[in-house]
1. Taking strands (runs of 3 or more DSSP E) that fall entirely within the range 12-128, which contain at least 3 residues that are modelled with pLDDT of 90 or more?
2. Can Asp52 be described as surrounded by fewer than 21 Cβ atoms within 10 Å (Cβ to Cβ), under 22 Å from Asn99 (Cβ atoms) and without any contact (Cβ under 8 Å) to a residue 12 or more places away in the chain?
3. Being within 13 Å of the chain's Cα centre (by Cα), open to solvent by 30 Å² or more (accessible area, probe 1.4 Å) and farther than 10 Å from Tyr48 by Cα narrows it down to one residue among Lys107, Lys116, Lys122; which is it?
4. I'm checking my understanding of the structure. Among residues of the range 56-75 that are closer than 16 Å to Leu31 by Cβ and of a type in the set (Asp, Glu), which one is surrounded by the fewest Cβ atoms within 10 Å (Cβ to Cβ)?
Amino acid sequence: PETIHTDRGPEQPVPHQPLRDQYQAVDYRILRSINRMFNSIAILIPAYNPKDPLVQLVADLNDHGFSKIVVVDDGSDAIDTFDRASMRAPIHVLRHAQNRGKGAALKTGITFIAEKLPGDIKTVITVD
């Protein structure tokens, strides 16, 4: 940790945190604040052949109190990533039989959220 020196002398050490982590922490704090305020955020994650970041993202969102998470599998070859994500958190997984593109995945997810998870705010997060 680095120490910040001012006119008043040294202040508390500042823990080193990579810039990306700082932005992620800010994003989660903002989303948590909005979640408390509206208590109804539906998060949509369109995904095609995702890897481990999807599993971690779903777990992080769940750990931060988000319960309305919808993942659209846009015709991925391996579905094990989606199965692992659903074991980490209670999510809705919608599947396309074949790849139809990000636009179709978004439309599928938004339609599902509008019909099954009505809420004031919809948020789209991409895995890549």
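The values are calculated or read from the model by the stated rules, or taken from the named source; none is laboratory data. Model, not experiment: these values are computed from the prediction. Cβ: placed from backbone, ideal geometry, glycine included. Neighbour counts: every protein chain shown. Accessible surface is based on the protein model in full, side chains and every heavy atom, while ligands, DNA and RNA are left aside. Shrake-Rupley method; radii C 1.70, N 1.55, O 1.52, S 1.80 Å.
1. Filter on the range 12-128 gives 41-47, 68-74, 92-96.
2. Considered against the rule, which asks whether it is surrounded by fewer than 21 Cβ atoms within 10 Å (Cβ to Cβ), under 22 Å from Asn99 (Cβ atoms) and without any contact (Cβ under 8 Å) to a residue 12 or more places away in the chain, Asp52 comes out as no.
3. Lys122
4. Top of the filtered list is Asp63.
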